[in-house]
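Visitor: One structure follows; several queries about it will come next.
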Amino acid sequence: MKVLVVAAHPDDEVLGCGGAIAKHTEQGDIVHVLIMAEGATSRSLQRDRSKAKNQLSALAVAAQQASEILGVQSLKLHHFPDNRMDSCDLLDVIKVIEKKISQYQPEIIYTHHFGDVNIDHRRIHEAVVTAVRPIPGQIVQTLLFFEIASSTEWQPSSSALPFTPNWFVDISETLSLKIKALTAYESEMRPFPHARSVNALEHLAKWRGASVGVEAAEAFLLGRNLI
Ligand SMILES: [Zn+2]
């Protein structure tokens, strides 16, 4: 099985489906990770890649370390502007994703939920949905949307489509690898009780697991499945 994860920022791939990635790779599946936006540059008033150079290279190192921990076959970092993807032509984003789908031929794609607070997450969702439109010969059979702690639950349910999972991956055996991969992203993690803390993410995995009667799980919203 070939799997593609399309994430907005370095860390989203682990937050959203790190346990599922590790499970896929342990089963012998090939997982490719595509990270679309650069991260970090939205933390200053203006986007300045040269000023954020050290942070950007630290994030690239963290992404590589996380990928190695999870057994990812290939990691590709693109440089769309962090938290400013509403300033990009959607078609340019779609073209990048289409090219990777054509190169990797994945049967499964994991990506963002449409209802997140983060604008980049929403743009990536739209771009992926367009890139995998079900034309004859479409290779992608399963499309899954993940939740990102500190973005998905921050959206008021009256403001956008709430995340109502209907697909669960048992990560009882791989939760520890997900947590290990998250610790590679030290700069992105926050102390508990922030939602993007190791403690909160362990609790979330255990709650998602308890929702389906296993020790730990990741929850997804199924976009489409063709069998
Ligand atoms: Zn993100």
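Visitor: Of these, Ile148, Ile171, which one is closer than 18 Å to Ala7 by Cα, touching a helix residue (DSSP H, G or I) at 6+ places or on another chain (Cβ under 6 Å) and open to solvent by less than 30 Å² (accessible area, probe 1.4 Å)?
Guide: On the way: Ile171 fails: closer than 18 Å to Ala7 by Cα.
After ruling out the rest, the residue left standing is Ile148.
Visitor: Could you check, for the range 102-114, whether at least one of its residues is in a helix (DSSP H, G or I), open to solvent by less than 60 Å² (accessible area, probe 1.4 Å) and more than 16 Å from the ligand (Cβ to nearest atom)?
Guide: Initial filter on the range 102-114 (in a helix (DSSP H, G or I)): 102-104.
Filter again for open to solvent by less than 60 Å² (accessible area, probe 1.4 Å), leaving 104.
Now narrow it down to the ones that are more than 16 Å from the ligand (Cβ to nearest atom): 104.
There is at least one residue in the range 102-114 that is in a helix (DSSP H, G or I), open to solvent by less than 60 Å² (accessible area, probe 1.4 Å) and more than 16 Å from the ligand (Cβ to nearest atom).
Visitor: Suppose the filter is open to solvent by 40 Å² or more (accessible area, probe 1.4 Å) and within 29 Å of Ala219 (Cβ to Cβ); does Met36 pass it?
Guide: Details: open to solvent by 40 Å² or more (accessible area, probe 1.4 Å): no; within 29 Å of Ala219 (Cβ to Cβ): yes.
No; evaluated as a whole, the condition is false for this residue.
Visitor: So, one more: Of the residues that sit in the range 1-22 and are part of a helix (DSSP H, G or I) and more than 9 Å from the ligand (Cβ to nearest atom), which one is nearest to the chain's Cα centre (by Cα)? So that I can check it myself, show each step before the final result.
Guide: The initial filter retains those residues of the range 1-22 that are part of a helix (DSSP H, G or I), namely 12-22.
Filter once more, keeping what is more than 9 Å from the ligand (Cβ to nearest atom): 13-14, 17-22.
Numbers: Glu13: 3, Val14: 6, Cys17: 6, Gly18: 8, Gly19: 11, Ala20: 11, Ile21: 10, Ala22: 13 Å.
Among residues in the range 1-22 that are part of a helix (DSSP H, G or I) and more than 9 Å from the ligand (Cβ to nearest atom), the one nearest to the chain's Cα centre (by Cα) is Glu13.
Visitor: Related question: Pick from the range 197-227 the residues that are assigned to a loop (DSSP other than H, G, I, E, B) and out of contact with any Asp or Glu (no Cβ under 7 Å at 6 or more places or on another chain): which of them is surrounded by the fewest Cβ atoms within 10 Å (Cβ to Cβ)? Before the answer, list the steps.
Guide: Kept after step one, since they are assigned to a loop (DSSP other than H, G, I, E, B), are these residues of the range 197-227: 197, 212-216, 226-227.
Next cut, out of contact with any Asp or Glu (no Cβ under 7 Å at 6 or more places or on another chain) only: 197, 212-213, 215-216, 226-227.
Numbers: Ser197: 17, Val212: 13, Gly213: 9, Glu215: 13, Ala216: 22, Leu226: 10, Ile227: 4.
Result: Ile227.
Visitor: Go through the range 68-93 residue by residue and tally those that are open to solvent by less than 70 Å² (accessible area, probe 1.4 Å), under 28 Å from Gly19 (Cβ atoms) and of a type outside the set (Ser, Thr, Tyr).
Guide: Total meeting the criteria: 12.
The values are calculated or read from the model by the stated rules, or taken from the named source; none is laboratory data. On a predicted model such as this, the values are computed, not experimentally measured, just so you know. Ideal geometry is used to build each Cβ from the backbone, glycine not excepted, and the neighbour counts take in all protein chains shown. For the accessible areas, the whole protein counts, side chains as well, though only heavy atoms, and no ligand, DNA or RNA atoms are used. Shrake-Rupley method; radii C 1.70, N 1.55, O 1.52, S 1.80 Å.
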